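K.L.:
Following this message is one structure expressed as structure tokens.
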Number of protein chains: 2
Amino acid sequence: MASTLHDVAKLAGVSFKTVSNVVNDYPFVRDQTRSKVLAAIEELDYRPNLQARSLRLGRTGMIGFAVPELSLPYFAELAAQVIEAAQRHDLTVLTEQSIPSRAGELEILSSPRRRMTDGLIFNPLWLEDRDIPQLEAAGPVVLLGEALFPGTMDQVVMRNVEASRYATEYLLETGHKRIAAIGADLSKPGGSPHFRLEGYRQALQAAGIAFDLNLVGEATPWHRLDGARSMRHVLGRGDPPDAVFAFNDTLALGAIHALQEVGLRVPFDVSVVGFDDIEEAQYSFPELTTINPGRSSIAELAVTALARRIADRGAVPHLSEPDFHLVVRKSVMPRSHS
Amino acid sequence: MASTLHDVAKLAGVSFKTVSNVVNDYPFVRDQTRSKVLAAIEELDYRPNLQARSLRLGRTGMIGFAVPELSLPYFAELAAQVIEAAQRHDLTVLTEQSIPSRAGELEILSSPRRRMTDGLIFNPLWLEDRDIPQLEAAGPVVLLGEALFPGTMDQVVMRNVEASRYATEYLLETGHKRIAAIGADLSKPGGSPHFRLEGYRQALQAAGIAFDLNLVGEATPWHRLDGARSMRHVLGRGDPPDAVFAFNDTLALGAIHALQEVGLRVPFDVSVVGFDDIEEAQYSFPELTTINPGRSSIAELAVTALARRIADRGAVPHLSEPDFHLVVRKSVMPRSHS
DNA sequence: TTTCAGGTGATCAACGTTGTAATTCAGAAC
DNA sequence: GTTCTGAATTACAACGTTGATCACCTGAAA
């Protein structure tokens with residue numbers, strides 16, 4: 001079937017180790033020998049057996065990439081970027097989906113797939129501080145998301161609080177007074193929902209506007225459906241808001257849907273700002289003004305950090321915080337007040 | 001570090017082969033021995049080294065899943081389903097992205113990743129009949145998409161022609177006369193664009209309506225952006241259509257965007273039907289009427305077919321054609337003509 | 001008591017690769 | 001011509017697992 005070092009060696013008339021040396025660019029091979037071997041490799045279409053190499057080397061050349069839901073555009077787009085970044089580092093990506101619960105995420109860490117990978121890029125939603133031991137036991141890991149475990153793990157985090165504060169300030173500066181927040185999870189002390197709400201709260205406070213729980217819509221997970229449902233709840237509580245800060249873009253699109261259902265036009269009646277800058281935000285109606293949390297660099301930073309960690313397990317934990325920026329499109333309309 | 005059969009054997013006071021027998025449920029192991037071994041396995045948290053097992057067995061337990069673009073919702077959702085289906089078959093999925101060209105897709109077939117997988121589920125867009133030899137050389141493969149290679153390969157195909165014809169007939173029956181087709185690729189003889197246009201054409205012909213090239217918008221690839229651009233082209237050619245059949249949902253959403261840009265309301269002025277039934281179709285505005293090509297079963301059928309092919313390379317090629325249906329939502333409004 | 005069958009367990013050789021170390025070889029220096 | 005040096009090549013032993021084979025032991029039948 002597939003040819004091996006031995007087959008090539010026999011054809012080239014050298015020992016199989018010499019073939020191995022050629023394959024691995026060992027410098028002390030005579031040119032004449034090298035070309036003989038290369039010709040044989042060519043003729044037999046030899047490709048190294050990666051399982052054997054992995055066994056010998058103790059490395060597989062694969063990394064895991066685990067996210068809560070691949071069907072969420074943000075994660076799908078991130079997966080595509082991680083696969084590309086990994087390819088540049090000669091790594092292959094094994095994409096995994098975690099069941100959305102603490103147990104489900106712990107399972108990712110102990111999955112048999114951990115034995116197939118040299119490391120893991122992981123965006124947990126439910127893990128807590130007490131899970132650090134298990135994280136550390138899972139081998140090289142780079143965490144995505146928020147700075148849950150400062151100083152103890154490699155992480156690529158979003159500036160959730162600052163970015164959310166910035167988005168809310170933008171709505172305030174453009175004259176909005178009643179700004180709804182969609183996507184909160186009041187029962188959870190950490191995580192994106194918490195930090196994005198915190199940024200929203202800070203902006204309100206700085207502007208001297210009272211935080212009003214009636215304007216806060218809870219939503220988990222963060223699908224369109226949940227955004228629409230959450231928006232409906234808020235609308236059901238009384239006077240509609242004049243703006244919405246949604247904690248991610250899919251929520252924002254769901255919220256827009258719910259607003260349109262009751263005849264509120266975006267941005268004429270209600271402005272909307274999202275978070276993530278998924279591709280779709282450019283083509284939604286209206287085109288979505290949103291926070292870009294440094295997307296283009298997240299995948300590359302994560303892969304680089306993981307490669308470094310794999311090479312040197314003792315390296316001091318590294319925290320990357322890519323810059324965010326607001327992408328202004330058409331879902332916000334300035335208000336003037338008399 | 002990680003413990004091996006030998007470590008467990010030493011602790012349990014048996015030979016390492018006995019441990020292997022326990023792990024592999026070899027029947028002739030005394031209960032007493034078995035429990036001793038299991039206790040040792042437990043204590044050392046032994047997990048088999050999958051690389052070593054792969055090397056020995058000649059199988060990796062991984063399958064490849066290759067699609068043109070993971071960031072397209074249809075493929076992202078499909079990937080999630082394939083990963084789940086594979087898990088049920090005790091298989092791990094290695095997700096890959098093909099560069100959108102014939103060369104890029106051939107590269108998938110000869111990639112070093114083929115050496116890491118037992119088989120491949122592949123949705124090519126650009127391969128041709130003459131590439132069959134390379135497909136066959138790539139080991140067990142199940143093709144997704146259209147019936148390009150009838151009888152020679154395992155395939156899970158969509159009923160592209162029939163479903164497109166059905167969608168177009170639906171628009172005709174609801175009183176539409178000028179139906180645009182968005183997503184054609186007139187330069188390519190096969191593939192989804194070709195077959196979906198063919199279905200559209202058949203429906204028109206059966207209804208005695210002339211096929212009008214001015215109503216056909218070309219688009220590659222099938223992103224929102226392309227749908228919007230293609231729609232604008234068609235609109236620029238003269239009288240607007242009263243309906244649009246878009247060859248997939250993202251194109252449909254882009255087309256809706258372009259229609260709204262010029263003040264045409266969907267569905268009041270123009271009806272729109274899509275293809276794929278991606279999640280987003282439920283939450284777009286308006287909610288999208290679309291063809292569901294049998295999504296729920298495609299992933300499972302593909303994984304099952306691949307598992308079968310891996311187990312028996314000589315099996316006769318199998319063609320699955322899941323049923324499609326039209327999901328009626330809110331993007332179509334019946335027209336009455338005086 | 002002996003024989004035999006079959007349950008139980010151990011020995012050994014792969015699978016295909018790479019690191020270590022030993023060996024051969026060619027050319028230069030004496 | 002001998003010796004030395006470093007380049008070029010090879011032998012061998014892992015890596016951790018499973019299949020084939022062999023050896024042992026126990027209990028039942030003769």
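K.L.:
Looking at B:96, B:43, can you tell me which residue is within 16 Å of DNA strand D (Cβ to nearest atom) and free of Cβ contacts under 8 Å to residues at least 60 places away in the same chain?
P.N.:
B:43
K.L.:
Output the number of residues of segment B:12-35 satisfying the condition of being of a type in the set (Val, Ile, Thr) and within 6 Å of DNA strand C (Cβ to nearest atom).
P.N.:
4
K.L.:
Let me ask something else. Going by the structure shown, is residue A:237 within 29 Å of residue A:98 (Cα to Cα) and not aliphatic (A, V, I, L, M)?
P.N.:
The answer is no for residue A:237.
K.L.:
Among the listed residues A:285, A:324, which satisfies the condition of being closer than 29 Å to residue A:186 by Cα and either of a type in the set (Ser, Thr, Tyr) or surrounded by 17 or more Cβ atoms within 10 Å (Cβ to Cβ) (or both)?
P.N.:
A:324
K.L.:
For segment A:21-38, how many residues meet the condition of being open to solvent by less than 60 Å² (accessible area, probe 1.4 Å), closer than 30 Å to residue B:136 by Cβ and more than 14 Å from chain B (Cβ to nearest Cβ)?
P.N.:
Within segment A:21-38, residues that are open to solvent by less than 60 Å² (accessible area, probe 1.4 Å), closer than 30 Å to residue B:136 by Cβ and more than 14 Å from chain B (Cβ to nearest Cβ) number 2.
K.L.:
Continuing with the same structure: Give all pairs with beta carbons closer than 9 Å in which a residue from segment A:20-31 that is in contact (Cβ under 8 Å) with a residue 24 or more places away in the chain meets a residue that is near DNA strand C (Cβ under 9 Å from one of its atoms); count only pairs at least 6 apart in sequence or on separate chains.
P.N.:
That search, which allows pairs on different chains as well, returns A:23/A:5; A:23/A:8; A:23/A:46; A:23/A:48.
K.L.:
Is at least one residue of segment A:306-314 within 16 Å of residue A:72 (Cβ to Cβ), modelled with pLDDT under 95 and either in contact with a His (Cβ under 9 Å, 6 or more places away or on another chain) or assigned by TED's automatic domain parsing to the domain that holds residue A:152 (or both)?
P.N.:
Among the residues of segment A:306-314, not one is within 16 Å of residue A:72 (Cβ to Cβ), modelled with pLDDT under 95 and either in contact with a His (Cβ under 9 Å, 6 or more places away or on another chain) or assigned by TED's automatic domain parsing to the domain that holds residue A:152 (or both), which makes the answer no.
K.L.:
For segment B:232-257, which residues satisfy the criterion of being buried (at least 24 other Cβ atoms within 10 Å of the Cβ), more than 9 Å from every other protein chain (Cβ to nearest Cβ) and either charged (D, E, K, R) or part of a helix (DSSP H, G or I) (or both)?
P.N.:
B:249, B:251, B:252, B:255
K.L.:
Report yes if residue A:300 is buried (at least 19 other Cβ atoms within 10 Å of the Cβ), within 13 Å of another protein chain (Cβ to nearest Cβ) and in contact (Cβ under 8 Å) with a residue 60 or more places away in the chain, otherwise no.
P.N.:
no
K.L.:
Here's a follow-up. Considering every residue within segment B:174-189, establish whether at least one is modelled with pLDDT of 95 or more, assigned by TED's automatic domain parsing to the domain that holds residue B:271 and part of a helix (DSSP H, G or I).
P.N.:
No; the residues of segment B:174-189 include none that is modelled with pLDDT of 95 or more, assigned by TED's automatic domain parsing to the domain that holds residue B:271 and part of a helix (DSSP H, G or I).
K.L.:
Name every residue in segment A:46-84 that is in contact with a strand residue (DSSP E or B) (Cβ under 8 Å, 6 or more places away or on another chain) and without any contact (Cβ under 8 Å) to a residue 40 or more places away in the chain, in order of residue number.
P.N.:
Listed by number, the residues that qualify are A:70, A:79, A:80, A:83.
K.L.:
For residue A:87, are the conditions met, namely being closer than 30 Å to residue A:294 by Cβ and in contact (Cβ under 8 Å) with a residue 24 or more places away in the chain?
P.N.:
In short, no.
K.L.:
Which one is surrounded by the most Cβ atoms within 10 Å (Cβ to Cβ), of the residues in segment B:56-81 that are among the hydroxyl-bearing types (Ser, Thr, Tyr) and more than 16 Å from DNA strand C (Cβ to nearest atom)?
P.N.:
So the residue we want is B:74.
K.L.:
Kindly evaluate residue B:9 against the criterion of being of a type in the set (A, V, I, L, M, F, W, C) and more than 12 Å from DNA strand C (Cβ to nearest atom).
P.N.:
no
K.L.:
May I ask you to list the residues in segment A:87-129 that are more than 16 Å from residue A:307 (Cα to Cα), within 11 Å of chain B (Cβ to nearest Cβ) and of a type in the set (A, V, I, L, M)?
P.N.:
A:99
K.L.:
Here's a follow-up. Could you tell me which numbered condition residue A:84 fails, if it satisfies all but one of (1) more than 14 Å from every other protein chain (Cβ to nearest Cβ); (2) open to solvent by 10 Å² or more (accessible area, probe 1.4 Å); (3) out of contact with any Leu (no Cβ under 8 Å at 6 or more places or on another chain)?
P.N.:
(1)
The values are calculated or read from the model by the stated rules, or taken from the named source; none is laboratory data. Everything quoted here is computed from the prediction, not taken from an experiment. Don't worry about glycine lacking a Cβ; one is built from the backbone with ideal geometry, like all the others, and counts go over all protein chains shown. Remember, those area values only see protein heavy atoms, side chains included, never the ligands or the DNA or RNA. Shrake-Rupley method; radii C 1.70, N 1.55, O 1.52, S 1.80 Å.
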